[in-house]
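Encoded as structure tokens, the structure appears first; notes follow it.
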Amino acid sequence: MSVNSDQFRDVMGRFATGVTVVTTTNEGRLDGFTASSFSSVSLDPPLVLVCIGKDATCHDAFSDGGCFAINILSADQADLSVRFSSDVGDRFDGVAHEPWVTGAPILGGALAAIDCTLHAVHEGGDHSILVGRVERLGPLREDADPLIYYRGTYRSVS
Ligand SMILES: Cc1cc2nc3c(=O)[nH]c(=O)nc-3n(C[C@H](O)[C@H](O)[C@H](O)COP(=O)(O)O)c2cc1C
């Protein structure tokens, strides 16, 4: 059976997800992109994954780099989701961030963050599957709800 791309997007969009901004650093340069394809993989060892499009300008910075951080966005951070999926020049301009263990930027105001070393890169069609080994993780806010993405629009749980 052949799969129509519009139908594929429509059906996948009915799976409500959280929203993350995935970040990395290479020789002082920061990169980041919005991603909803985040998943936990393994508890022992602690592994997570995220998929990145092979045509993303920052693809090689992630696949050839040594680390990445998953920033789980709060309900009031839809502007960051838009920013990190748009052509705005320096996506980090005016965005508060700090390094944890690996140096990948942890974004201020995120709900929680997961700092990883790059464990493996797997083939995934027009995407690469980045598997990270968790080096540090933690909640950043207890007062906020998660940002939700469903059928192309931002929602919150409340
Ligand atoms: C809510 C949302 C979720 C997204 N999830 C992913 C994802 O999981 N993987 C991905 O490669 N791109 C995803 N994108 C698209 C990328 O953020 C966007 O194509 C990317 O920032 C473009 O990168 P570039 O400017 O470096 O080419 C998502 C965009 C949005 C708005």
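Please treat every number below as a calculation from the coordinates, not as lab data. These numbers come from a predicted model, not from an experiment. We place every Cβ from the backbone using ideal geometry, glycine too, and count neighbours over all the protein chains shown.
Looking only at residues in region 33-43 that are over 16 Å from Ala112 (Cα atoms) and either in contact with an Asp or Glu (Cβ under 6 Å, 6 or more places away or on another chain) or in a strand (DSSP E or B) (or both), which one is farthest from the ligand (Cβ to nearest atom)?
Ser42
Residue by residue, here is whether (1) part of a strand (DSSP E or B); (2) without any contact (Cβ under 8 Å) to a residue 12 or more places away in the chain; (3) in contact with a His (Cβ under 6 Å, 6 or more places away or on another chain) holds:
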site	(1), (2), (3)
Asn71	yes, no, no
Asp76	no, no, no
Asp79	no, yes, no
Val88	no, yes, no
Val95	no, no, no
Thr102	no, no, no
Gly109	no, no, no
Thr117	yes, no, no
Glu123	yes, yes, no
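If Val82 passes every condition in (1) surrounded by fewer than 17 Cβ atoms within 10 Å (Cβ to Cβ); (2) over 13 Å from the mean Cα position of the chain (by Cα) but one, which one does it miss?
Unmet for Val82, out of (1) surrounded by fewer than 17 Cβ atoms within 10 Å (Cβ to Cβ); (2) over 13 Å from the mean Cα position of the chain (by Cα): (2).
Looking at (1) among the polar types (S, T, N, Q); (2) more than 14 Å from the ligand (Cβ to nearest atom); (3) surrounded by fewer than 20 Cβ atoms within 10 Å (Cβ to Cβ), find the lone condition where Thr102 falls short.
Going through (1) among the polar types (S, T, N, Q); (2) more than 14 Å from the ligand (Cβ to nearest atom); (3) surrounded by fewer than 20 Cβ atoms within 10 Å (Cβ to Cβ) one by one, Thr102 breaks only (3).
Consider Val3 carefully, then state whether it is over 22 Å from Val134 (Cα atoms), among the aliphatic types (A, V, I, L, M) and more than 10 Å from the ligand (Cβ to nearest atom).
yes
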